[in-house]
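Reviewing the structure listed below.
The values are calculated or read from the model by the stated rules, or taken from the named source; none is laboratory data. Note that this is a predicted model, so its numbers are computed, not measured. Heads up, the Cβs are rebuilt from the backbone with ideal geometry, glycines too, and the neighbour counts pull from every protein chain shown.
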Amino acid sequence: MSEQIKNTVANSADYQATIGIEVHLQLKTKSKVFCSCKNEFGHEANKNICPICTGHPGTLPVMNKKVVDCAILLGLATNCKITPTTSFARKHYYYPDLPKNYQITQDADPICQDGYISIELEDGSEKKIRLIRIHMEEDAGKNIHSSLGFSLVDLNRAGTPLVEIVSHPDMENAQQAKAYLMRLHSIVQYLGISDANMEEGSFRADVNISVKKKTSDKLGQRIELKNINSFKFITQAIEYETQRQIQALESGEKIYPETRQWDRKNQKTVMMRRKEGADDYRYFPEPDLPSVEIDNNWIESIRKTIPELPGEKLRRLQKVYGLPYADALILIESIPLANYFEQTGKTCKNPKSACNWILRNLLAYLNEHKVEINNTKMTPENLAELVNEIEAGSINSKVAQDVFSEMITSGKSAKEIIKEKDLGQVDSTEMLEVIANKIVNNNPDEVAKYKAGNLRLFGFFVGQAMKETGGKANPKVLNDIFTKLLK
Ligand code: ZN
Ligand code: MN
């Protein structure tokens, strides 16, 4: 953030940001939305195309029923009303990656309307972010601009099925926007309707943001932030843009309706273009596609397939396993991670501790070694056993760290490693007393200082005994012995 903008933060308490978000989501269907071409990412340019998705005259689009199924599923999962008769419209604009010169989309009667997604706020309360609509549409192709002074067009993506999810401007800051986007991102993955890969563009968020004085009833001028491909950059862009608009308002500058993008290198938003109005698109009904009639049977057959959703899982993990909210939130954002934890929870006597091992040690290891959780050598059952060994007092937490490292590289069980390496905790009082006595006798100076009031030396004695036992001594037993000996 530039110095200039930082300086306005002092006034920011008087202002209020209003944020609405549009997400374009690519659906993971086998074929495209209006033709039978493959819907796959990463093919050679212009491989998956036909006369329909390349807009040849005389061809007719045919609706892919699977796309309607996905849209209904998403609508139900986000508390929307499903529109019984839903139709298509043409949205006109010229761009080389759009050979028809119009996009088939929906206008007045989108398939889903009036829904909401609940997010949790920092104070633990819930907030509903209302959805205006979810509509179906086709994606455009891609222009590839060469540095040699020409551009190429790849139409593989043309006709890829999209749903666009449009929220009300119900969010007030970057944290709420991020929470909303992350929850939506989880929901579509739980539903299995999209890869939602932000880097590959299958989950694209456009953020509309305006700023007004808190005392004003009128919303400020809306700015669109486009094509930001990570949650982190979206958060940074909203924070920057809020401050930029506050500064403009403070200095009496005019804010124009425009589309801006995030300049990662310079950590600021920059203008892409001034915005078109909806009227410029000349929407009209698509004459080549009939309306889709959705009856209750269709809706109910899809409702049956809704799995447990992220919000429900979040509440259940907290309730059933006693996990803190923040930990449960990390787990639910990845289905394999949440599954791994729940698998552990089946046989683990302390699920909260298992969760700690997963979120701290296991994730750190997986990140460092770029391993997916599904490919880790440490099974959930083995991790549960490790936690149970600690609970039973057969190893202390320091030794447990070493056992963990060995488990994750070898795939062996905790019991095996403890036995092989003779790591079992030494908690025989007699044996530890012998060691403790020796240490006290060998260190008369430290004993004198301790007795003179330097109580911190207690740790020195325990440390020496730990060293003697290779870290295997039961710390509680040692504490008791030294407390008695040094009285
Ligand atoms: Zn095609
Ligand atoms: Mn759209």
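Quick look at the numbers
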read-out: Pairs, first over 13 Å from SER428 (Cα atoms) in segment 462-487, second among the basic types (Lys, Arg) and surrounded by 16 or more Cβ atoms within 10 Å (Cβ to Cβ), C-beta under 9 Å, six or more apart; value: MET466/LYS472
read-out: For TRP262: the one exception among (1) at pLDDT below 95; (2) more than 24 Å from THR235 (Cα to Cα); (3) touching a strand residue (DSSP E or B) at 6+ places or on another chain (Cβ under 7 Å); (4) among the hydrophobic types (A, V, I, L, M, F, W, C); value: (2)
read-out: ARG273, sole failed condition from (1) surrounded by 15 or more Cβ atoms within 10 Å (Cβ to Cβ); (2) at pLDDT below 95; (3) in contact with a strand residue (DSSP E or B) (Cβ under 9 Å, 6 or more places away or on another chain); value: (1)
read-out: Test result for VAL426, closer than 15 Å to ALA473 by Cα and in contact (Cβ under 8 Å) with a residue 60 or more places away in the chain; value: no
read-out: Count of segment 329-359 residues which are buried (at least 18 other Cβ atoms within 10 Å of the Cβ), closer than 19 Å to GLU391 by Cβ and among the aliphatic types (A, V, I, L, M); value: 2
read-out: Residues (within 13 Å of ligand 2 (Cβ to nearest atom) and either under 23 Å from HIS56 (Cβ atoms) or among the small types (Gly, Ala, Ser) (or both)) located in segment 96-129; value: LEU98, TYR102, GLN103, ILE104, THR105
read-out: Count - residues of segment 251-291 that are β-branched (Val, Ile, Thr) and closer than 28 Å to ALA89 by Cβ; value: 1
read-out: Residue in segment 9-28 that is over 22 Å from ASP170 (Cβ atoms), more than 16 Å from ligand 2 (Cβ to nearest atom) and at pLDDT 95 or above present; value: yes
read-out: Subset of segment 140-186 [within 16 Å of ligand 2 (Cβ to nearest atom), touching a Gly at 6+ places or on another chain (Cβ under 7 Å) and not hydrophobic (A, V, I, L, M, F, W, C)]; value: ARG157, SER167
read-out: Set LEU337, LEU289, LEU323, LEU309: member being touching a residue at least 60 places away in the same chain (Cβ under 8 Å) and closer than 29 Å to GLU120 by Cβ; value: LEU309
read-out: Answer residue from segment 163-190, given it is of a type outside the set (Asp, Glu) and part of a strand (DSSP E or B) and is nearest to ILE134 (Cα to Cα) among those; value: ILE165
read-out: Matching option when the condition is modelled with pLDDT of 95 or more and touching a helix residue (DSSP H, G or I) at 6+ places or on another chain (Cβ under 8 Å), among ARG303, ARG316; value: ARG303
read-out: Strands (runs of 3 or more DSSP E) lying entirely in segment 109-162 (those with 2 or more residues that are modelled with pLDDT of 95 or more and under 17 Å from ARG204 (Cβ atoms)); value: 126-138
read-out: Of all residues making up segment 75-86, the number that are surrounded by fewer than 18 Cβ atoms within 10 Å (Cβ to Cβ) and either assigned to a loop (DSSP other than H, G, I, E, B) or among the β-branched types (Val, Ile, Thr) (or both); value: 3
read-out: Filtered residues of segment 421-438 (kept if exposed (fewer than 15 other Cβ atoms within 10 Å of the Cβ) and under 18 Å from GLN464 (Cα atoms)); value: SER428, THR429, GLU430, MET431, VAL434, ASN437, LYS438
read-out: Selection from segment 392-420 of residues that are assigned to a loop (DSSP other than H, G, I, E, B) and either within 35 Å of the chain's Cα centre (by Cα) or exposed (fewer than 14 other Cβ atoms within 10 Å of the Cβ) (or both); value: ALA392, GLY393, ASN396, GLY411, LYS412, SER413
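Every residue, every condition in (1) in contact (Cβ under 8 Å) with a residue 40 or more places away in the chain; (2) within 16 Å of ligand 1 (Cβ to nearest atom); (3) among the polar types (S, T, N, Q), yes or no:
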{"residue": "PHE34", "(1), (2), (3)": "yes, yes, no"}
{"residue": "PRO61", "(1), (2), (3)": "yes, yes, no"}
{"residue": "LYS65", "(1), (2), (3)": "no, no, no"}
{"residue": "ILE72", "(1), (2), (3)": "yes, no, no"}
{"residue": "ILE82", "(1), (2), (3)": "yes, no, no"}
{"residue": "PRO96", "(1), (2), (3)": "yes, no, no"}
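Here's the yes/no breakdown for (1) part of a loop (DSSP other than H, G, I, E, B); (2) touching a helix residue (DSSP H, G or I) at 6+ places or on another chain (Cβ under 7 Å):
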{"position": "VAL23", "(1), (2)": "no, yes"}
{"position": "PHE34", "(1), (2)": "yes, no"}
{"position": "GLU44", "(1), (2)": "yes, no"}
{"position": "PRO61", "(1), (2)": "yes, no"}
{"position": "LYS66", "(1), (2)": "no, no"}
{"position": "LEU73", "(1), (2)": "no, yes"}
